[in-house]
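Quick note: the coordinates plus some simple rules give every number you see, no bench work behind them. Quick caveat, the model's predicted, so the values are computed rather than measured. Backbone-built Cβ (ideal geometry, glycine too); neighbour counts: all protein chains shown.
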């Protein structure tokens, strides 16, 4: 994709100003669009709207895409594009909704930048947006086709057949399709969108990793209850799932999505997680054990304590089945019961591990944790292109997020 000869110099000249005001633009954009189209509130995580995370992510993505168009030497935007497309497919985003977004986004640009937005400037940035949108629409159409999903009917009803209390504030829910059909085959590391209708009537989707390898008849997610910190409210959907959902309830789920998946290979594998970030690691381990992999596997996990360590039994069983997997665990504190499970006390420290330069690394956990771990791995000689990660939240601009 390339900007037209008329748009390119205009975008180049105005990109610094747009970047400077990008968050202000997206802060105007979302309220205006949701007021004009309240039905779209059902597609957006209103918690991320309230915190400002969503508008910051969109601002970063749009600016990064413009930089990608202007600078051939800029980092590839394809990984970011893939991540956004998968997220959109999980939510059932349709091509016609891009027109609504484009209209309100350009209106916000004009409102924030005022007289600086001449017709020429407006036309140039409209071109940026539609190049971005066209690529996403094309990729999403491909993903819908591969998944066999009609984007006008993206949701499928599932019955809760099992509820497991995994750890403190963490449950697993096991679903079976209400129609009696097979579960779509997912790749380990992928997620599904789960939709609930909250007590105030607001319909809200959230993404949760499928926390086992592929199953023909069931699908499992593992949900940690989000407790508000520093005056922030508790997570609306996670609290609802913990407090309201029981065996026999029916929820709507989207198609499995996500690009953080394990490719076949023989190189050593390093799986790193913290807290509920263990969910994609658990799925990968389960799949590796089922397939009887022979590649060397090292697992490193950090948690608050043994009581908070979700999916411990499932991952231990998978690791045992693998036979030669190496396991390292860190707990911030020891429970009153004294249960340590062989874990070190304190924060994760990978300096003592012998990590092969050819290792494929998968990470999932809080963003500060992954920044620190990535820096440690790079210092130890692991090439950055071998380090892949998943963030729970609106992480649209992957390149900048972990580059620190």
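With 10 angstrom as the radius, rank 385, 86 by how many other C-beta atoms surround their C-beta, starting from the fewest.
Working: 385 6, 86 22.
Least to most surrounded, the residues fall as 385, 86.
Mind checking the alpha-carbon convex hull of region 108-191 and giving the volume per residue in Å³? Let's see the in-between values first.
Numbers: hull volume 16.0 nm³, N = 84.
It is 191 Å³ per residue.
Taking 0.36 nm per residue of sequence separation and subtracting the Cα-Cα distance, how much length would be gained by fully extending the chain between residue 266 and residue 347, in nm to one decimal?
Details: separation 81, 0.36 × 81 = 29.16 nm, distance 2.99 nm.
Full extension of this stretch gives 26.2 nm more.
In Å and whole numbers, how far do the C-alpha atoms of region 41-149 stretch along each principal axis, longest first?
Sorted largest first, the three principal extents are 46, 35, 25 Å.
Work out, step by step, the length gained on full extension between residue 162 and residue 334: first 0.36 nm times the residue separation, then minus their alpha carbon distance; give nm to one decimal.
Values: separation 172, 0.36 × 172 = 61.92 nm, distance 3.00 nm.
Result: 58.9 nm gained on full extension.
222 nm [θ] for the chain, helices only, -39500 (n - 2.57) per DSSP H run of 4+, per residue, to 500? It would help to have the intermediate numbers written out before the result.
Details: 12 runs with 164 residues, N = 404.
So the calculated ellipticity at 222 nm is -13000 deg cm²/dmol.
Working out 0.36 nm times the residue gap between residue 78 and residue 384, then minus their Cα-Cα distance, what length gain in nm do you get to one decimal?
On the way: separation 306, 0.36 × 306 = 110.16 nm, distance 1.64 nm.
Extending this stretch completely gives an extra 108.5 nm.
Would you calculate the volume per residue, in Å³, of the smallest convex hull containing every Cα atom of region 13-72? Intermediate values should be presented prior to the final figure.
Working: hull volume 5.3 nm³, N = 60.
Given the Cα convex hull of region 13-72, per-residue volume reads 89 Å³.
Nearest 0.05, what FRET efficiency do residue 357 and residue 126 give at R0 = 51 Å with Cβ-Cβ as r?
Details: r = 46 Å, r/R0 = 0.90.
Taking R0 as 51 Å, the efficiency between residue 357 and residue 126 is 0.65.
Sort 197, 145, 298 so that the residue with the fewest other Cβ atoms within 10 Å of its own Cβ comes first and the one with the most comes last. Mind showing how you got there, number by number?
Working: 197 13, 145 10, 298 20.
Placing the least packed residue first, the sequence is 145, 197, 298.
Given (1) 1.02; (2) 1.26; (3) 1.09, which label gives Cα Rg over 2.2 N^0.38 Å as computed from the coordinates?
Answer by label: (1).
Wrap a convex hull around the Cα atoms of region 175-282, take a quarter of its surface area, and give that in square nanometres. Could you put the intermediate results ahead of the total?
Numbers: hull surface 34.0 nm².
Here the figure is 8.5 nm², rounded to one decimal.
In whole percent, what relative contact order does region 156-253 give with Cα contacts below 8 Å and a gap of six or more residues? Could the numbers behind the result be given before it?
Details: 190 pairs, mean separation 34.6, N = 98.
Worked out over region 156-253, it gives 35 percent.
Over the chain, what is the mean sequence separation of C-alpha contacts under 8 Å (at least six apart), divided by residue count, expressed as relative contact order in percent? Write out the running numbers ahead of the final one.
Numbers: 682 pairs, mean separation 62.5, N = 404.
Normalised by residue count, the contact order of the chain is 15 percent.
When DSSP beta bridges are limited to those with both residues in the chain, what percentage is antiparallel, rounded to the nearest 5?
On the way: 29 of 52 bridges.
Among the beta bridges of the chain, antiparallel pairing accounts for roughly 55 percent.
For each of 257, 76, 380, count neighbouring Cβ atoms within 10 Å of the residue's Cβ, then give the residues from fewest to most. Spell out each step's value before the answer.
Working: 257 23, 76 9, 380 14.
Taking fewest neighbouring Cβ atoms as first place, the list is 76, 380, 257.
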